[in-house]
Structures are given as structure tokens and as C-alpha cells.
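Okay, so here's the structure we're looking at.
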Amino acid sequence: MFEEISLIPAFKDNYIWLLRRDRQAFVVDPGDAAPVRARLAAEGLRLAGILITHHHADHQGGVAALLAEHDCPVYAPAEESITGRTHSLRGGERLDVLGVPVEVLAVPGHTLGHLAYLAADALFCGDTLFGAGCGRLFEGTPAQMQAALARIAALPETTRIYCAHEYTLMNLPFAAAVEPGNPAISERTRRAAELRQAGQATVPLTLAEEKSTNPFLRWAQPAVIAAALAHGAADDSPAAVFGALRAWRNTF
């Protein structure tokens, strides 16, 4: 596995992930080149590659500047417009990232070509899954996003989720509104508040915790189904429940 996985804060709440091994590094979703450049210099690392989950500027905006200084591959969705892409991916591929096998997963919904990268028990999922939440549907359908989240939910519960934004504390009030009787949500809110007050990240997340507190992974729970039906779900199918929850969250 990697020697270290560390976060590089960017913009207001983005996380760029740095994967390090033997003085070499890959970065995931470098929306801003400056903090990446500073970290590489501070730690004496060579940039060996870039992984991109989707085309939004806060995830790929720093690629051009990094490529001006580093000759390295850029792995990115084939179906999206990505600056500097050298390797086009659609999901199902297996990569070698610093000697670590990485599986590429197609997780459309937030965008149509959105990818996630799975390295052993570490999942880099961009804007698909967040702490107690999920990404907005800018391009995909509720059915696509629910299927993508189901693909993630099927991974081992020990999987660590490295999402691209610090949204956990912001998302938990909605989770509580969906399931006011879920004590795990109250406890998670307390712990997340303590971490943020101490200046610490709530990410990485664990899949087990998401499955117990994130309404967007709990479409089969009776209380979540009831809440979705009360907010316009056509039926109790996973896609309909998810779609109603996502629409509710957009105006919450």
C-alpha cells in the first residue's frame, strides 16, 4: 500500500489527496496547483502522476500548471473534457499507481463520466459520496447515481472513503431530518463538531459509518422510505427513494 495518504486543503473546502511512496507522489483531483506545488517542494517529492475523477474546475483546474513543471501521466474520464489527459478511462481498468494496484470504478451521476479509484481499502470518490451526503446530480439521473452509490455500498465496510470536500457537518442536519430517531446520527454530529472545532478533517470516512448514518445509502430502511414517500417519491424502489431524498436535499 502507499506509505502515506494525506490531504492538501484547497479553496474553501476541497481536499486534494496526495498518495506517497518512495519519494514519489500521485495527486487526486488537483483543482489548484499552488498547494500541490508547495507540498511537493516541502517534502522533496517527485510528481509521478495525476488521477482525475471528473471535469469540474475545482478538481482539474491545476493540471495544466502542474504539467508545465512535471512530465507525468494524467488518468481521467474518457467521456469528459479534461486538461492534459494522457490516459482515457471508462471504468473497469486496473492501474499501477506507485506499485499499488488501483481499480477504476464508473460512478456516473454527479457527472456522466465520473470515476472513482479503489486502492485496497481506500476509495477516492471525488464528489459521488460525502460524509452523510452525496453529490448533486448535475448531469446524471437519480437511477444512475443510486446505482453508483450501490456499487460503493457493496464494498467491504472497512473501506475508507476519501471524498473531495469537507461537507460532513453541513450534511448531518439533513440526515437527522430524514431519520430523527437514528441515534447514530446524533453521535456522529457530536464527534464531527469536535473534530472541526479542533481544526481536524472528518475525512477519510468509513463505509460502515456512512451506511449507518448517510440517508443516501439507507434507501432500504423503513424510516428513510417513509420520509422519501412523504417528500414525493413515486414508490419505495431504491431509485425513487434516492431521487426524492436528493430533490429534498437540494432545497433543505
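No lab work stands behind these numbers, since they all come straight from the coordinates. As the structure is a prediction and not an experimental result, all values here were calculated from the model. With ideal geometry, Cβ positions are generated from the backbone for all residues, glycine too; neighbour counts draw on all protein chains shown.
Taking label points 7 Å from Cα along the Cα-to-Cβ direction, residue 200 and residue 236 give a separation of 4.0 nm.
Looking at the range 125-250, the pairs of alpha carbons with a distance over 18 Å make up 48% of the total. Less than 5 angstrom separates the built amide H of residue 53 from those of 29, all sequence-distant by 5 or more or on a different chain.
To the nearest 10 degrees, how steeply does helix 33-43 sit against the main Cα axis of the chain, on a 0 to 90 scale? In the chain, helix 33-43 runs at an angle near 60 degrees to the longest axis. In sequence order, the range 151-160 has phi-based couplings of 4, 5, 4, 7, 6, x, 5, 7, 4, 9 Hz under the Karplus curve 6.51 cos²θ - 1.76 cosθ + 1.60, θ = phi - 60°, and Gly or Pro positions carry x. Label sites at residue 93 and residue 46, each approximated as a point 7 angstrom past Cα along Cα to Cβ, lie 2.2 nm apart. The sum of -39500 (n - 2.57) across all DSSP H runs of n ≥ 4, divided by the residue count of the chain, sets its helix-only mean residue ellipticity at 222 nm to -10000 deg cm²/dmol.
Report Rg(Cα)/(2.2 N^0.38 Å) for the range 34-152, keeping two decimals. Against the empirical 2.2 N^0.38 Å value, I get 1.07 for the range 34-152.
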